[in-house]
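Peer 1: Can you read through this structure? Questions will come right after.
The values are calculated or read from the model by the stated rules, or taken from the named source; none is laboratory data. As the structure is a prediction and not an experimental result, all values here were calculated from the model. Here the Cβ positions follow ideal geometry from the backbone for every residue, glycine too, while neighbour counts run over all protein chains shown. The area values use the complete protein model at the heavy-atom level, side chains included, leaving out ligands, DNA and RNA. Shrake-Rupley method; radii C 1.70, N 1.55, O 1.52, S 1.80 Å.
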Amino acid sequence: MPIIAPSLLSANFLQLESDCKMLNESKADWFHLDVMDGRFVPNISFGPMIVEFIRKTTTKFCDVHLMIEEPEKYAEQFKNAGADNLTVHLEACKHLHRNIQQIKSLGMKAGVAINPHTSVSLLENIIQDIDLVCIMSVNPGFGGQKFILNTIEKIKQLRKMCNEKGLHTHIEADGGVTLENARSIIEAGADVLVAGNTVFKAANPIDVIAKLKEI
Ligand code: DX5
Ligand code: ZN
């Protein structure tokens, strides 16, 4: 069964607490928290303060996706805010290996995200050091975009790479995941599904989460 990680980016921030409560009562496994700085991506979302508030509402795993430049400057703040996993973008890190070591030394799981144009082969020399790869299936910055089909091929390539190395790295698909395409994403080899709009814009989010979980 896939890990379901609803993205709070699509939540109603005027009622964040009740949206978190809803996720707690649902079959969601993780909370996916999208941090944007207006530099790495053309949008600004929220930072460690909001992550800390969300953390207080849940015991579920908090998967923090940093879409920011210079993530090393903020890793400790996100640890203190309660992040369980910290994912940084390959495209934002000149010293990716060092950044991963920093995240792990702070006691968090470490993830690397890659943009739609970035080749999976660039992970060849870091994959053994990380817990998760976040394959962006949209250009990062906004919820509610259309799934980029080439992602399926990238997930297959990455699963093959992990299998050949005997690794059980999480492969997370992020962006444009729907009830319609979730099966093909999982069949390609992903085991974590991030879903923002599909969950939060649904008439019955709890039901949609359960359906994603059953796939
Ligand atoms: C995009 C974010 C995603 C996004 C997912 O930059 O990383 O997590 O919010 O939202 P949907 O599922 O609506 O594409
Ligand atoms: Zn994300």
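Peer 1: Take the conditions basic (Lys, Arg), away from ligand 2 (no atom under 16 Å from the Cβ) and surrounded by fewer than 18 Cβ atoms within 10 Å (Cβ to Cβ) and apply them to Lys160. Does it pass?
Peer 2: Criteria met by Lys160.
Peer 1: Another question about this same structure. What tally of residues in the range 179-215 results from selecting those that are open to solvent by 40 Å² or more (accessible area, probe 1.4 Å) and among the polar types (S, T, N, Q)?
Peer 2: Matching residues across the range 179-215 total 3.
Peer 1: Consider Leu132 against the criteria (1) surrounded by fewer than 19 Cβ atoms within 10 Å (Cβ to Cβ); (2) closer than 28 Å to Lys21 by Cα; (3) hydrophobic (A, V, I, L, M, F, W, C): it satisfies all of them except one. Which criterion is unmet?
Peer 2: Among (1) surrounded by fewer than 19 Cβ atoms within 10 Å (Cβ to Cβ); (2) closer than 28 Å to Lys21 by Cα; (3) hydrophobic (A, V, I, L, M, F, W, C), Leu132 violates only (1).
Peer 1: How do the pairs read when you match residues in the range 71-94 that are at negative phi with residues anywhere that are part of a helix (DSSP H, G or I) and of a type in the set (Val, Ile, Thr), using Cβ under 7 Å and keeping only pairs 6 or more apart or on different chains?
Peer 2: Ala75/Ile103; Phe78/Val51; Ala81/Val51; Ala83/Val51; Leu86/Ile103
Peer 1: Of the residues that sit in the range 163-173 and are open to solvent by 10 Å² or more (accessible area, probe 1.4 Å) and touching a residue at least 24 places away in the same chain (Cβ under 8 Å), which one is farthest from Met1 (Cα to Cα)?
Peer 2: The selected residue is Lys165.
Peer 1: Right, next: Considering only the range 56-85, state which residues are among the charged types (D, E, K, R) and crowded, with 21+ Cβ neighbours inside 10 Å.
Peer 2: Listed by number, the list holds a single entry, Asp63.
Peer 1: Test Val138 against the criterion of being open to solvent by less than 30 Å² (accessible area, probe 1.4 Å) and under 14 Å from the mean Cα position of the chain (by Cα), and give yes or no.
Peer 2: Judged against the criteria, Val138 is a match.
Peer 1: For the range 1-86, please list each of the strands (runs of 3 or more DSSP E) lying entirely inside it that holds at least 2 residues being more than 16 Å from Val192 (Cβ to Cβ).
Peer 2: 30-36, 61-67
Peer 1: When you scan the range 91-98, do you find a residue that is open to solvent by less than 50 Å² (accessible area, probe 1.4 Å) and within 16 Å of ligand 1 (Cβ to nearest atom), even just one?
Peer 2: Yes, the range 91-98 contains at least one residue that is open to solvent by less than 50 Å² (accessible area, probe 1.4 Å) and within 16 Å of ligand 1 (Cβ to nearest atom).
Peer 1: Of the residues Lys156, Lys146, only one is within 16 Å of ligand 1 (Cβ to nearest atom), more than 21 Å from Met108 (Cα to Cα) and touching a residue at least 24 places away in the same chain (Cβ under 8 Å); which?
Peer 2: Lys146
Peer 1: May I pose another question? Based on what the data block shows, is Val208 within 16 Å of ligand 1 (Cβ to nearest atom) and either over 18 Å from the mean Cα position of the chain (by Cα) or among the basic types (Lys, Arg) (or both)?
Peer 2: Spelling it out, Val208 is indeed within 16 Å of ligand 1 (Cβ to nearest atom) and either over 18 Å from the mean Cα position of the chain (by Cα) or among the basic types (Lys, Arg) (or both).
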